[in-house]
Amino acid sequence: MAGVKRSLAVDVGGVLLPTPVMIASGCAGTGRELAGLVDPHKLGAIVSRSVTLAPRKGTPTPRIAESASGIVWSTGLQNPGIEVFVKEELPRLVHTGAPVIVSIAGGTMEEYVRLTSLLQARPGVVAIETQISGRDEELGREVLASRPDRAAEIVGAVARMSMIPVFAKLPLLADVVEVARGCVRAGATGLTLIDALPALGVTASRLRPSLGSVSGWLSGPAIRPVALRAVFDVASAMPDVPILGCGGVRTGEDAVEMMLAGAWAVQVGTATVVDPGAPVNVATGVLAYLKEKGLASPADLRGRLRLPAAPDPEGSW
Amino acid sequence: MRRTRAEILSARRVGAYHSLTLVAPEVAERARPGQFVAVQMPEDRDYLLPRHFSIHQASRRGGWAGTLEFCFEPGGKGTTWLANARAHGFLDVTGPLGKGFAYPKRLTNCLLVAEGHGAASLYFLAQELLVREKRVDMVLGAGTMERVFKPIEGKRLSQTNAIMTEDGTLGDRGTVLDALPEMAARCGSEVIYAAGPAPMLEKVAAFCRERRIPAQVVVEERMACGVGLCHSCVVPVARKDGSGYDNLRACVDGPVFNPARVLWDRWMSDVPTMIPTPPEGLPVVRSWPG
């Protein structure tokens, strides 16, 4: 394949990334830790931990428990608050040299709007990711994004205000396509699919929940097929909307599968916690696959999934 | 910190514990007492997270130069897998991680208090203290004889020592806390180092605060990444200016902390039980009513 200029760079809704593999939210430390562990120039992007308006101490320990091929965790969004974040943590993240996506989280519309306003014109920040899986303090619902109209309202407010692209990170809901459509109509540039699944760990020998916060979230390879399905469904419904596939990716092959299902790029979370070198290894794996198949860019993987011809309405019998 | 593929030089049983010695010169020559290593789990298993162990021994010189030893008690899936590791196998190791113990500059009498395999990191510390011409005394303890970690090595490294077991199978009957006040008084201890489970560390901390003895403890908290990425292993530590506290990560801000600043009550506030225990005096309902 001499003559083909092969590159890992991808354009995700106007955001140019050196590779399609980024570190998922909450797995990139505070900007100090990564430098010694991985070459940031080989990362697609770093998604910051979710930042809230006020500082959060997070949940009591233990915050992590293992389950089969996954981790049940809850950190309670421990973060120093947006003001300290933009003053101390953000410059460090930007300084690593990788594009930075800032993840924001809140309980009310006002919080999201104020967070967005405080993130305007910050050099090095290429996009905002809205984490909308938390509790809705205004309407008293358990999950902010549980209804398409509410998700669209929040994401729309952020998107109207933001001068940089906005990605809505969605939890897995029965109607993920409807919620996704609502967010995109409201102005989201793209979607991150999926947020961790609600989970509980139990330690039978001690008659106790495994986590200090009792309930938590499941991440890791255990949720990968679930994420693939969500990416596939949304990508099939809206092929032109950039999707960041997130959930259990730990090898180049996993990332390729995610992109074949319709993702434009992938986020690596749990695998980064297990091995900080994972995002770079995943990108290397993607490059090897492109080489093997004679493709020029990760964008060529999208829509390459060979589906069976028109399904038989009478069923497969 | 270095990531390396290390050959297992030897795998041994030490009482109730297992000990692995690795050939890992890059890690060994940087290691300090109190620091730990992360051991990667095999890729084809369903338990993913690396396991973290205090460094028990890191030899920089002599016939064992470049080797690293850590100890553990098999319990979960990961440690059970490690317990089956044999010499000449390979492990992916990252280390040394965390901040180690600080050594006293002026004070000389050091008392090392350890419960169970907490002693592993304190023996390494004892060697470094002896090199710095400090006096080392030890209080070692555990539930039973097999769980007292290498008592002979402890005796070799300390000027005086007390060994305590809860069932009296080795040394005196009792816990390290029973022997602590007398040992501290007899040895004229000026600095106390402690390692072990949190409830014991809390009591050592209370003792040190009462007697105004400077102390350092190495905490045990469940870790995931071990390098500061995930904020799983936090310990509430009071700020120096007294304006509240921060949840500091044991893996990068610790695992060695000043016990006087750790908010023990907040840290150890236990996970709620799923089945509440009936208050004393009330009859326990053994079957469902009706």
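The values are calculated or read from the model by the stated rules, or taken from the named source; none is laboratory data. Fair warning: this is a prediction, and the values are worked out from it, not measured in the lab. Cβ: placed from backbone, ideal geometry, glycine included. Neighbour counts: every protein chain shown.
Numerical summary
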| item | result |
| --- | --- |
| Matching residues, region A:276-309, being buried (at least 24 other Cβ atoms within 10 Å of the Cβ) and within 14 Å of chain B (Cβ to nearest Cβ) | A:276, A:279, A:282 |
| Odd one out for residue B:252 among (1) within 14 Å of chain A (Cβ to nearest Cβ); (2) loosely packed, with under 14 Cβ neighbours inside 10 Å; (3) of a type in the set (A, V, I, L, M) | (2) |
| Residue A:223, sole failed condition from (1) of a type in the set (A, V, I, L, M); (2) crowded, with 24+ Cβ neighbours inside 10 Å; (3) within 13 Å of another protein chain (Cβ to nearest Cβ); (4) part of a strand (DSSP E or B) | (4) |
| Unique match (being on the phi > 0 side of the Ramachandran plot, surrounded by fewer than 19 Cβ atoms within 10 Å (Cβ to Cβ) and not small (Gly, Ala, Ser)) among B:128, B:146, B:153, B:133 | B:133 |
| In region B:59-73, the residues that are modelled with pLDDT of 90 or more and either on the phi > 0 side of the Ramachandran plot or of a type outside the set (Asp, Glu) (or both) | B:67, B:68, B:70, B:71, B:72 |
| Test: residue in region A:33-40 that is in a loop (DSSP other than H, G, I, E, B), in contact (Cβ under 8 Å) with a residue 40 or more places away in the chain and under 18 Å from residue A:168 (Cα atoms) | no |
| Qualifying residue in region B:77-88 (condition: among the hydroxyl-bearing types (Ser, Thr, Tyr), out of contact with any Lys or Arg (no Cβ under 9 Å at 6 or more places or on another chain) and modelled with pLDDT of 90 or more) | yes |
| Index of the failed condition, residue B:141 passing every other in (1) in contact (Cβ under 8 Å) with a residue 60 or more places away in the chain; (2) of a type in the set (Gly, Ala, Ser); (3) not in a helix (DSSP H, G or I) | (1) |
| Test: residue in region B:221-240 that is of a type outside the set (A, V, I, L, M, F, W, C) and surrounded by fewer than 16 Cβ atoms within 10 Å (Cβ to Cβ) | yes |
| Enumeration of residues in region B:220-241 that are part of a strand (DSSP E or B) and facing chain A (nearest Cβ under 7 Å) | B:234 |
| From B:107, B:91, B:111, B:122, residue being out of contact with any Pro (no Cβ under 6 Å at 6 or more places or on another chain), surrounded by fewer than 16 Cβ atoms within 10 Å (Cβ to Cβ) and either within 19 Å of residue B:4 (Cα to Cα) or not aromatic (Phe, Trp, Tyr) (or both) | B:107 |
| Members of region A:241-259 that are small (Gly, Ala, Ser) and crowded, with 23+ Cβ neighbours inside 10 Å | A:245, A:247, A:248, A:255 |
| Residue satisfying all of: in region B:65-78; without any contact (Cβ under 8 Å) to a residue 40 or more places away in the chain and out of contact with any Leu (no Cβ under 8 Å at 6 or more places or on another chain); surrounded by the fewest Cβ atoms within 10 Å (Cβ to Cβ) among these | B:75 |
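Conditions tested, residue by residue: (1) crowded, with 24+ Cβ neighbours inside 10 Å; (2) at pLDDT 90 or above.
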position	(1), (2)
B:21	no, yes
B:32	no, yes
B:39	yes, yes
B:44	no, no
B:52	yes, yes
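Let's see how each residue does on (1) small (Gly, Ala, Ser); (2) surrounded by fewer than 21 Cβ atoms within 10 Å (Cβ to Cβ); (3) within 12 Å of another protein chain (Cβ to nearest Cβ):
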| site | (1), (2), (3) |
| --- | --- |
| A:26 | yes, no, yes |
| A:45 | yes, no, no |
| A:54 | yes, yes, no |
| A:58 | yes, yes, yes |
| A:66 | no, no, yes |
| A:73 | no, no, yes |
| A:77 | no, no, yes |
| A:100 | no, no, no |
| A:112 | no, no, no |
